[in-house]
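Take a look at the structure set out below.
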C-alpha cells in the first residue's frame, strides 16, 4: 500500500515485529531501540523546558545586574572615519561601520579615550552613543528581556535536539550493525544452499 497509510502500516510492523512470524531477534532489538528513541524524545521535552527556564532566569538576573552597572554615554570621534567599511563575518562591526579614536567622559567627569564604532565616512567630532561600565570603560549594551527569552528558548531547543540526536544516532548505528549481520547471515545461508545443491 502506498501513501501515508502504507507508511503508517510499515512503521507499525517495525515497532511491533513480534506479530510477524518471520521476525528475527535483531528485528526485536531494532524495534526496542526505536521505541526507546521515541519515548526518550518525548520524555526529554519537560527536561529541556526546565533547562530553558533556568537559562532564562539566569539571563534575566544577569540583565538586571548589567542594567545597574552599565550606563549610556556619548563619545566624540577624534578623527574622520574611513570611507571603507569592513565586516567580520557576522561578528564585530557591521559592514557599514568602522572604528575611530574617540573621547568620552565618565560619571565622575574623567576623560577617557579609545576606539568606538561609527558610520563609515563620518567626520571628526561625530557624536557616538556608547555604553560604559562603572570604571568608565567601554562595554556592551545590557542584555534585553527579549534576548534573555531567546536564550532560554534556544537552550531548551538545543538540549532537546542533543538528546534526541543522540538517541537517533544510537538507533541508526545499531540498525546499521544489524543490517550488516543480517546480510552476512543471508550470504552464509545462500552459500550453504548452493553447496548442498551440488550433492
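A few notes on this one:
- Restricting 163, 157 to residues that are at pLDDT 95 or above, assigned to a helix (DSSP H, G or I) and in contact with a helix residue (DSSP H, G or I) (Cβ under 8 Å, 6 or more places away or on another chain) narrows the list to 157.
- Restricting segment 118-129 to residues that are surrounded by fewer than 18 Cβ atoms within 10 Å (Cβ to Cβ) and assigned to a strand (DSSP E or B) leaves a set whose member that is modelled with the lowest pLDDT is 119.
- Checking 179, 148, 197 one by one, the residue that is modelled with pLDDT under 90 and surrounded by 12 or more Cβ atoms within 10 Å (Cβ to Cβ) is 179 and no other.
- Filter result for residue 50 (at pLDDT 95 or above and either outside any helix (DSSP H, G or I) or in the same structural domain as residue 169 (by TED's automatic domain parsing) (or both)): yes
- Residue within segment 137-145 that is part of a helix (DSSP H, G or I) and either within 20 Å of the chain's Cα centre (by Cα) or in contact (Cβ under 8 Å) with a residue 12 or more places away in the chain (or both) present: yes
- Just one residue in the set 29, 76 is within 21 Å of residue 177 (Cβ to Cβ), over 30 Å from the mean Cα position of the chain (by Cα) and at pLDDT 70 or above; that residue is 29.
The values are calculated or read from the model by the stated rules, or taken from the named source; none is laboratory data. Here the structure is a predicted model, which means the values were calculated and not measured. Cβ atoms come from the backbone with ideal geometry, glycine included; neighbour counts cover every protein chain shown.
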